[in-house]
Structures are given as C-alpha cells and as structure tokens.
1. Do we find a residue being closer than 30 Å to Leu182 by Cα and either in contact with a Leu (Cβ under 6 Å, 6 or more places away or on another chain) or of a type outside the set (Phe, Trp, Tyr) (or both) anywhere in region 68-80?
2. Gln46 is checked against (1) under 20 Å from the mean Cα position of the chain (by Cα); (2) in a loop (DSSP other than H, G, I, E, B); (3) more than 29 Å from Glu162 (Cβ to Cβ) and fails just one. What number does that condition carry?
3. I need the full set of residues from region 1-54 which are closer than 18 Å to Lys119 by Cβ and among the acidic types (Asp, Glu), in order please.
4. Just one of (1) in a loop (DSSP other than H, G, I, E, B); (2) surrounded by 10 or more Cβ atoms within 10 Å (Cβ to Cβ) trips up Arg84, so point out which.
5. Would region 57-75 turn up any residue that is at pLDDT below 95, farther than 30 Å from Glu21 by Cβ and either assigned to a helix (DSSP H, G or I) or of a type in the set (Val, Ile, Thr) (or both)?
6. Can you tell me which residue is surrounded by the fewest Cβ atoms within 10 Å (Cβ to Cβ) among those in region 57-79 that are of a type in the set (Lys, Arg) and under 23 Å from Val89 (Cβ atoms)?
7. Which one of these does Val23 not meet: (1) among the β-branched types (Val, Ile, Thr); (2) assigned by TED's automatic domain parsing to the domain that holds Thr141; (3) loosely packed, with under 15 Cβ neighbours inside 10 Å?
8. Select from region 22-41 the residues that are touching a helix residue (DSSP H, G or I) at 6+ places or on another chain (Cβ under 9 Å) and among the acidic types (Asp, Glu) and list them in ascending order.
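The values are calculated or read from the model by the stated rules, or taken from the named source; none is laboratory data. Predicted model only: the values in this text are computed from it and were never measured. Note: ideal-geometry Cβ built from the backbone for every residue, glycine included; neighbour counts use all protein chains shown.
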Amino acid sequence: MPEVEVKDRNNKVVEKLTLPEDVFGREVKPELLHQAVVNYLANQRQGTHSTKTRGTIRGGGKKPWRQKHTGRARHGSIRSPLWRGGAIVFGPQPRDYYYKLPKKQKRLALKTALSAKLKDNELTVIDNLNFEKPRTKDMVTLLKGLGIDGKSVLIVTPDKDENVYLSARNIPGITVIRAVDLNTYELLAHDHVLMTKGALSKVQEVWG
C-alpha cells in the first residue's frame, strides 16, 4: 500500500499515512492523462473568434471598374478575398469546443495523476495551513521551509480558505484549489502539490 509522510510547518515528519491503492497506487498511463488535459483545455475555450465573410463585410457592392477594355483584371467587388481589406475565406467562426469525457475515464485520469505525483515525490502533505491573517511573507516562508519554493505549487485545501488564497495569490506559479475542484490539468501543470491532511481525507472521500 502506498504511504505518505505528514509534515509540520518546520518540515518535520509528524506521522505516516497509508493511502488507498485505488487512488494513489494506479499505473501511470500517459495517453489517458493526455486525453484528460486536451479535454480540459478544449472546455476552457470560449469559441468567440469570428472573421467576416463576403456576406458580412461592409462595402464592395459596386463593381470597381467595368469588365472589359481597361487593361486590368476582372473584379466584381473590392471586398473580394483577393483584395487588401477584403473578406476572409474559411476563417474561424464562433463555435462551441465543449465535449465530455466518460465519467470513469475522467476519474481514472485524476487518480493516475495523483499516483504519478506520489511516485515522483512531488506530493507534500502538511498537518495544517492555518493563517491568522492573509500575509504573503508567511506563505513564502512556509514554502521555503518545506523546500518547495521557486517551483510552481498547487495548494489543495479541504474547503475555501480566504486567508490561504490571499496569502498565495501574489506569488508567481502558486495556485490554491479546493479538494472537490481538483482536476488532472492542474495537477500536471504544477511542479509540486502541497496538500493539507484535511484535503487528503477529502480527496479520498470524493475520489476514492
């Protein structure tokens, strides 16, 4: 069974926890992780891109010059795609990029990502992340004490914690997320995952 050390703010081990094989002991499948990441990024796209066709661009109703005897090429509109300022051929139009992955596949990808982080020693569990008040300096000190400063870190909390969020939001590369909002993309996009003991229990409860 996979195990993880629980540390305090001074980077000292206070206990060891046995983790469920179903969530943290999965075989890493790169193709599954790739599908989950592509799905996440596709669903973030707004799809509001739009280019004008000959039917939507303004002007060009009058023939620029007569058809014959000018010595110039034949043209019917100054909004032809051949002209500067003209229409766009086969340009992007508004569309919805959203699509669903099978629920089982999505859950398996998340478990695979968690297993990969544990195997690569990129998961740190801390007993608590209590801040009396929002202070960026305290968060920087904490990350430095745990030896994960200078990295992109995903901080996972059991519930919404305003003090943790406000303490971390000005630090480049740091993201705070609730355990129930955890997803494969965020796990893979960060070098390290910092999870509270409470968040770890929540992850096992939700995804186990």
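1. Just the residues of region 68-80 that are closer than 30 Å to Leu182 by Cα, to begin with: none.
No, that holds for no residue.
2. That leaves (3) as the condition not met.
3. Passing the criteria: Glu3, Glu5, Glu21, Asp22, Glu27, Glu31.
4. Of (1) in a loop (DSSP other than H, G, I, E, B); (2) surrounded by 10 or more Cβ atoms within 10 Å (Cβ to Cβ), only one is false for Arg84: (2).
5. Yes, that holds for at least one residue.
6. Arg58
7. (3)
8. Asp22, Glu27
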